[in-house]
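Step one of this worksheet: look at the structure below.
The values are calculated or read from the model by the stated rules, or taken from the named source; none is laboratory data. Keep in mind it's a predicted model, so treat the numbers as computed, not measured. Note: ideal-geometry Cβ built from the backbone for every residue, glycine included; neighbour counts use all protein chains shown.
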Amino acid sequence: MGFLLDALIGGTRAEEWLQGWIRRNVPRMDFVMRNTFGGPKAAAGYGLVAWYGLIGFCLAWFLSTMGRVVYGPYGLFVMRSVLFLFLFSARRLTILGIQSLAQLSASDLDGSRRTLWALGIDEPSDSLDALSGATVRALTGGMLGAAFIPFFWGLGGAEFAAGALAIHLVARQSLGQPEDAAPLWAAAQRVDRWVSWPAAWLAGFVVPTVIGVIGGRRTTALATFVMRKQLPPTERLASSVAKGFGFGESAGGYEDGPEATPGDVQKVVQVLFLAGMAGAVVASAISALGFHLL
């Protein structure tokens, strides 16, 4: 229900407020953790993500409990639906993908770089092919936080989904950080990989199926995801999509092939929509099966 609400009314200012709140508050807590642990050490990074993960978990638990207290199971259902509405950001990611596609089609390279920065990638190149490839990687990797992390961890409840997503969003703030903070942010990204790994496996089976429907090579995409164990979850998923569609190295294919184009970005935007809906069906089926087994 939360995903359907996001598809209908998501991408609002409330979502921007949540993202903005994290961007504004992470530097303050970064400062606190540095002072607590004596510098930008790995322990400070672990403490940073643990703090925000705990906030997400406790806030979701409190709101769910209030819903149950006020109106029983119906109140719990309504409150969790609202919570997941804010945890999912698939509509926002799709809007950014369409915006980037329009910018690339109009050769607006500066605008495309700004959109990429919002998606968590710094691409300084002035090449249209490189920017298209970076957009493919950003949109594909963004599916994890926008849909599949809440899908997987939500199987255990809104509390786990909120905590895992908070860790993922905090780790994404590493873009543009100074070099002396590398140990801190490397630790944060390590925890994010632990959180993202099971969600990436869920996406790794859903997304290739969607690629086969759109016209790509499902078997190639699935095999690429399974074999590229050395890559982080977001890049692993991006590589799977790139190989499934036959994109080149700039899009994460890591092979000598054609460079990515704005038309390739359009295919990925279609994958975002269809994979989100398919992921919702799979997660709901797993949840229903688990309920009956328990």
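What the table shows:
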read-out: Pair list, Cβ < 7 Å and 6+ apart or interchain, from the range 123-144 residues that are on the phi < 0 side of the Ramachandran plot and without any contact (Cβ under 8 Å) to a residue 24 or more places away in the chain to residues that are of a type in the set (A, V, I, L, M, F, W, C) and buried (at least 24 other Cβ atoms within 10 Å of the Cβ); value: 123/131; 123/134; 125/131
read-out: Selected residue (only one of 56, 72, 47, 39 is part of a loop (DSSP other than H, G, I, E, B), of a type in the set (Gly, Ala, Ser) and modelled with pLDDT of 85 or more); value: 39
read-out: Qualifying residue in the range 172-186 (condition: of a type in the set (Asp, Glu), farther than 30 Å from residue 37 by Cβ and modelled with pLDDT under 90); value: no
read-out: Test: residue in the range 78-100 that is more than 21 Å from the chain's Cα centre (by Cα) and either closer than 17 Å to residue 154 by Cβ or without any contact (Cβ under 8 Å) to a residue 40 or more places away in the chain (or both); value: yes
read-out: Residue check, residue 5 under 26 Å from residue 142 (Cβ atoms) and modelled with pLDDT of 90 or more; value: no
read-out: Residue in the range 154-185 that is surrounded by the fewest Cβ atoms within 10 Å (Cβ to Cβ), counting only those that are over 18 Å from the mean Cα position of the chain (by Cα) and among the small types (Gly, Ala, Ser); value: 176
read-out: Filter pass, residue 191 being surrounded by fewer than 24 Cβ atoms within 10 Å (Cβ to Cβ) and within 17 Å of the chain's Cα centre (by Cα); value: yes
read-out: Unique residue being surrounded by 14 or more Cβ atoms within 10 Å (Cβ to Cβ) and either among the aliphatic types (A, V, I, L, M) or closer than 22 Å to residue 272 by Cβ (or both) when the list is 57, 88; value: 88
read-out: Qualifying residues in the range 15-49 (those that are touching a residue at least 60 places away in the same chain (Cβ under 8 Å) and small (Gly, Ala, Ser)) - the one farthest from residue 174 (Cα to Cα); value: 43
read-out: Hits in the range 202-230 - residues which are surrounded by 20 or more Cβ atoms within 10 Å (Cβ to Cβ) and more than 14 Å from residue 242 (Cβ to Cβ); value: 202, 203, 206, 210
read-out: Any hit, the range 233-240, residues being touching a residue at least 40 places away in the same chain (Cβ under 8 Å), surrounded by fewer than 17 Cβ atoms within 10 Å (Cβ to Cβ) and closer than 20 Å to residue 88 by Cα; value: no
read-out: Checklist (1) under 23 Å from the mean Cα position of the chain (by Cα); (2) more than 21 Å from residue 174 (Cβ to Cβ); (3) of a type in the set (S, T, N, Q) applied to residue 140, failing item; value: (2)
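Conditions tested, residue by residue: (1) out of contact with any helix residue (DSSP H, G or I) (no Cβ under 8 Å at 6 or more places or on another chain); (2) surrounded by 15 or more Cβ atoms within 10 Å (Cβ to Cβ).
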{"position": "23", "(1), (2)": "no, no"}
{"position": "35", "(1), (2)": "yes, no"}
{"position": "40", "(1), (2)": "no, yes"}
{"position": "62", "(1), (2)": "yes, no"}
{"position": "67", "(1), (2)": "no, yes"}
{"position": "72", "(1), (2)": "yes, no"}
{"position": "93", "(1), (2)": "no, yes"}
{"position": "96", "(1), (2)": "no, yes"}
{"position": "120", "(1), (2)": "no, yes"}
